[in-house]
Amino acid sequence: IAVETTMGIQSHHFILNRFLNEGENLCDIAIGSGADAFADGYRGLEDPSHFSALFQVGAQETGRWELPYKTAFEWEAGTVLDLNSHYINSSPTQVLAGEVYVNIYTQPDGNAKQNMQALMIPNTELNVPNNGDTIEVEQALPLYAPPFFTCFPDGLFLYSLNSHTHKLGKDFDIYKSNVAGVEIEHLYDASCYNDGVPGCDDKFYDYQHPPERTFDNYYKLNSSDW
């Protein structure tokens with residue numbers, strides 16, 4: 001129901017995934033191949049087990065992240081977690097000590113009325129030429145395609161939105177539109193550094209500390225939305 005993280009100021013990100021259990025198939029996101037095979041030691045970047053690990057929580061600085069009241073992630077007994085820490089060492093000669101401390105708060109099964117899900121949506125087609133120009137990249141995602149409405153045919157109810165870029169990032173925005181690309185609604189602006197709510201007067205983009213926008217009453221997305 002809550003995750004607390006403590007990390008150094010040089011931390012770039014910390015990601016908590018969970019491995020799917022034996023035979024578990026969460027719609028079309030991934031197929032479980034048994035977490036026991038990955039329970040010990042490190043996992044190579046090219047290891048196919050990466051596709052059996054589901055994103056749960058991402059943090060870019062020290063803090064506490066809570067799920068809404070009467071909701072929770074569902075983790076079975078014996079679930080294996082994958083902990084991904086990334087520190088940036090700007091020194092070419094010295095070693096940087098990087099640590100992350102994590103507290104996970106749980107509750108007995110049956111207390112939550114809703115099972116929450118988390119999705120990380122990477123853009124794997126980025127092409128930013130090294131020419132000194134500002135490059136704008138747009139990625140359109142139809143919500144009726146897997147894994148979205150394959151898993152949630154009645155719609156998605158957003159609780160929070162966040163973003164992630166690297167050092168040279170200038171901004172990050174999330175919009176909703178219909179299939180024709182009209183009726184556009186601005187849902188998230190990372191330059192509104194207090195809460196990510198578009199329309200702020202004072203704008204500043206800090207790629208290391210992007211804001212999280214939360215929707216107290218959730219935000220409904222339908223299968224026709226992009």
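The values are calculated or read from the model by the stated rules, or taken from the named source; none is laboratory data. Every value quoted in this text rests on a predicted model; they were computed, and no experiment measured them. Ideal geometry is used to build each Cβ from the backbone, glycine not excepted, and the neighbour counts take in all protein chains shown. For the accessible areas, the whole protein counts, side chains as well, though only heavy atoms, and no ligand, DNA or RNA atoms are used. Shrake-Rupley method; radii C 1.70, N 1.55, O 1.52, S 1.80 Å.
Would it be correct to say that Ser49 is at pLDDT below 90, of a type in the set (Gly, Ala, Ser) and part of a loop (DSSP other than H, G, I, E, B)? Break it down stepwise before answering.
Numbers: at pLDDT below 90: yes; of a type in the set (Gly, Ala, Ser): yes; part of a loop (DSSP other than H, G, I, E, B): no.
Considered against the rule, which asks whether it is at pLDDT below 90, of a type in the set (Gly, Ala, Ser) and part of a loop (DSSP other than H, G, I, E, B), Ser49 comes out as no.
When the residues of segment 98-137 are filtered to those that are among the small types (Gly, Ala, Ser) and within 30 Å of Phe172 (Cα to Cα), which remaining residue is modelled with the highest pLDDT? Quick ask: steps written out before the conclusion?
Step one: list which residues in segment 98-137 are among the small types (Gly, Ala, Ser), which gives 98, 110, 112, 118, 132.
Imposing the further condition that a residue be within 30 Å of Phe172 (Cα to Cα) reduces the set to 98, 118, 132.
Details: Gly98: 90, Ala118: 85, Gly132: 87.
Among them, the one singled out is Gly98.
Restricting attention to segment 188-217, which residues are at pLDDT 90 or above, outside any loop (DSSP other than H, G, I, E, B) and open to solvent by 40 Å² or more (accessible area, probe 1.4 Å)?
Arg213, Thr214
Only residues that are in contact with an Asp or Glu (Cβ under 9 Å, 6 or more places away or on another chain) and either open to solvent by less than 80 Å² (accessible area, probe 1.4 Å) or among the hydrophobic types (A, V, I, L, M, F, W, C) (or both): list them for segment 169-184, please.
Listed by number, the residues that qualify are Asp171, Phe172, Asp173, Ile174, Lys176, Ser177, Asn178, Val179.
Filter segment 56-90 down to the residues that are touching a His at 6+ places or on another chain (Cβ under 6 Å), open to solvent by less than 80 Å² (accessible area, probe 1.4 Å) and under 22 Å from Ser160 (Cα atoms) and list them by number. Steps first, answer last, please.
Restricting attention to segment 56-90, the residues satisfying the condition of being touching a His at 6+ places or on another chain (Cβ under 6 Å) are 60-61, 86, 88.
The next check asks that each one be open to solvent by less than 80 Å² (accessible area, probe 1.4 Å); those that pass are 60, 86, 88.
Passing the criteria: only Gln60.
Among the residues of segment 168-226, what is the count of those that are free of Cβ contacts under 8 Å to residues at least 12 places away in the same chain and more than 30 Å from His12 (Cβ to Cβ)?
The number of residues fulfilling the criteria is 6.
Report whether or not Thr93 is under 30 Å from Leu158 (Cβ atoms), open to solvent by 40 Å² or more (accessible area, probe 1.4 Å) and modelled with pLDDT of 90 or more.
Values: under 30 Å from Leu158 (Cβ atoms): no; open to solvent by 40 Å² or more (accessible area, probe 1.4 Å): yes; modelled with pLDDT of 90 or more: yes.
Answer is no for this residue.
Mind listing just one residue for me: the one in segment 151-168 that is polar (S, T, N, Q) and under 23 Å from Asn127 (Cα atoms) and, of those, most open to solvent (accessible area, probe 1.4 Å)? Talk me through it step by step, then tell me what you get.
So the first thing to find is which residues in segment 151-168 are polar (S, T, N, Q), and the list is 160, 162-163, 165.
Still in the running and under 23 Å from Asn127 (Cα atoms): 162-163, 165.
Values: Asn162: 71, Ser163: 10, Thr165: 24 Å².
Going through the qualifying residues, I end up with Asn162.
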